[in-house]
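Quick notes on the structure that follows.
The values are calculated or read from the model by the stated rules, or taken from the named source; none is laboratory data. Keep in mind it's a predicted model, so treat the numbers as computed, not measured. Cβ coordinates were reconstructed from backbone atoms using ideal geometry, including for glycine residues, and neighbour counts include every protein chain displayed.
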């Protein structure tokens, strides 16, 4: 009989906190009114991604900002615009592709801070509210369109934007699609389904379609899986903000390691960094913190630049 082993439980450490000079204390925002019940929100961090030089970039959703954090943990504002940026990936060495809830897909020049549209609409229709994204090795982009969907309205979407510009609607029945990541062989996409408290497994067929989508992992608590990452061993790392943990799951969705937030429960997203990409960096959104934990397997290289 197979017996499931208890996972190793570790605490994260604080890497850095947003400096007070960048916090918008006392300012309201439309995003916080809708998504945090109007609670005072001086920032809400998301979208961690590293450049080749080891700098970490994060978004601040309610105030439309992108920050660069250098390896010692010092902060610099890169851009600010009338948007609600969430996930980010590098399109090339100079530009970040950003999922902006308000405006669609946007490009940010990290040298000048200039922001311009990349894909604002589909067939003249606005998106519900795009959330996160990942590139495959061929330059195709997968991104989620969450809006205010949930179990009451399971109409969230998963798209693929092909390198030639064709846009494919892969799923349209997701209750709050969020983080996305590909398996090492790129034959499976994993999709965080926040209000369904699950991670879906989405097989990618040779003809470009999807088939036999299943629930790979089921969580619990007030808010389900959010951002995702993948290591070179094929383990899936799942940020779970309702619980304040990041799960490290093997290929059977069994937790091997549970990383606990040291700075609050809103652990929203994860990214591998450090010289060997064995350091996992986590955004703790409400406190404006970035946490860190060391793992034994490097993360996949997400610098698959188009």
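For residue 282, the conditions (1) free of Cβ contacts under 8 Å to residues at least 12 places away in the same chain; (2) surrounded by 24 or more Cβ atoms within 10 Å (Cβ to Cβ) are fulfilled apart from (1). Here residue 151 meets the list (1) in contact (Cβ under 8 Å) with a residue 24 or more places away in the chain; (2) surrounded by 19 or more Cβ atoms within 10 Å (Cβ to Cβ) almost entirely, failing just condition (2). Looking across the stretch 128-140 at every residue that is assigned to a strand (DSSP E or B) and free of Cβ contacts under 8 Å to residues at least 60 places away in the same chain, the one that is surrounded by the fewest Cβ atoms within 10 Å (Cβ to Cβ) is identified as 133. Being assigned to a strand (DSSP E or B) and at negative phi is a property that holds for residue 238.
Among the residues of the stretch 245-256, is any in contact (Cβ under 8 Å) with a residue 12 or more places away in the chain, in a loop (DSSP other than H, G, I, E, B), in contact with a strand residue (DSSP E or B) (Cβ under 7 Å, 6 or more places away or on another chain) and under 24 Å from residue 67 (Cα atoms)? Write out each step before concluding.
Pass one, the stretch 245-256, residues in contact (Cβ under 8 Å) with a residue 12 or more places away in the chain: 245-251, 253-256.
Pick out the ones that are also in a loop (DSSP other than H, G, I, E, B) and you get 250-251, 253-254.
If we keep only those that are in contact with a strand residue (DSSP E or B) (Cβ under 7 Å, 6 or more places away or on another chain) too, we end up with 250, 253.
Retained after the next criterion (residues that are under 24 Å from residue 67 (Cα atoms)): none.
Checked the stretch 245-256: no residue is in contact (Cβ under 8 Å) with a residue 12 or more places away in the chain, in a loop (DSSP other than H, G, I, E, B), in contact with a strand residue (DSSP E or B) (Cβ under 7 Å, 6 or more places away or on another chain) and under 24 Å from residue 67 (Cα atoms).
Scanning the stretch 102-127 for residues that are in contact with a strand residue (DSSP E or B) (Cβ under 6 Å, 6 or more places away or on another chain) and outside any strand (DSSP E or B) turns up 110, 113, 120, 127. Would you check if residue 207 is more than 15 Å from residue 48 (Cα to Cα) and either modelled with pLDDT of 95 or more or buried (at least 18 other Cβ atoms within 10 Å of the Cβ) (or both)? For residue 207, the condition - more than 15 Å from residue 48 (Cα to Cα) and either modelled with pLDDT of 95 or more or buried (at least 18 other Cβ atoms within 10 Å of the Cβ) (or both) - is not met. In this structure, does residue 276 turn out to be crowded, with 20+ Cβ neighbours inside 10 Å and either more than 16 Å from residue 8 (Cα to Cα) or touching a helix residue (DSSP H, G or I) at 6+ places or on another chain (Cβ under 9 Å) (or both)? Taking the combined requirement at face value, the residue does not satisfy it.
Among the residues examined, residue 304 qualifies as surrounded by fewer than 18 Cβ atoms within 10 Å (Cβ to Cβ) and either modelled with pLDDT of 95 or more or in a loop (DSSP other than H, G, I, E, B) (or both). Evaluated against (1) without any contact (Cβ under 8 Å) to a residue 60 or more places away in the chain; (2) more than 16 Å from the chain's Cα centre (by Cα), residue 98 falls short on exactly one condition, (2).
Hey, any hits in the stretch 168-176 for a residue that's within 17 Å of the chain's Cα centre (by Cα), assigned to a strand (DSSP E or B) and closer than 24 Å to residue 49 by Cβ? So that I can check it myself, show each step before the final result.
The first filter runs over the stretch 168-176 and keeps only residues within 17 Å of the chain's Cα centre (by Cα), leaving 174-176.
Add one more test, that the residue is assigned to a strand (DSSP E or B), and what stays is 174.
After this cut, where a residue has to be closer than 24 Å to residue 49 by Cβ as well, the list is 174.
Scanning the stretch 168-176 turns up at least one residue that is within 17 Å of the chain's Cα centre (by Cα), assigned to a strand (DSSP E or B) and closer than 24 Å to residue 49 by Cβ.
Of the numbered conditions (1) part of a loop (DSSP other than H, G, I, E, B); (2) within 19 Å of the chain's Cα centre (by Cα); (3) within 24 Å of residue 226 (Cβ to Cβ); (4) in contact (Cβ under 8 Å) with a residue 40 or more places away in the chain, residue 92 satisfies every one except a single condition; which is it? With respect to (1) part of a loop (DSSP other than H, G, I, E, B); (2) within 19 Å of the chain's Cα centre (by Cα); (3) within 24 Å of residue 226 (Cβ to Cβ); (4) in contact (Cβ under 8 Å) with a residue 40 or more places away in the chain, residue 92 is out only on (3).
Of the residues making up the stretch 212-227, those that are farther than 26 Å from residue 35 by Cβ and assigned to a loop (DSSP other than H, G, I, E, B) number 2. Would you confirm, using the coordinates I've provided, whether residue 264 is touching a strand residue (DSSP E or B) at 6+ places or on another chain (Cβ under 6 Å), at pLDDT below 95 and either under 19 Å from residue 44 (Cβ atoms) or not in a loop (DSSP other than H, G, I, E, B) (or both)? Considered against the rule, which asks whether it is touching a strand residue (DSSP E or B) at 6+ places or on another chain (Cβ under 6 Å), at pLDDT below 95 and either under 19 Å from residue 44 (Cβ atoms) or not in a loop (DSSP other than H, G, I, E, B) (or both), residue 264 comes out as yes. In summary, residue 230 fulfils each of the numbered conditions (1) modelled with pLDDT of 95 or more; (2) in contact with a strand residue (DSSP E or B) (Cβ under 6 Å, 6 or more places away or on another chain); (3) not in a strand (DSSP E or B) with the single exception of condition (3).
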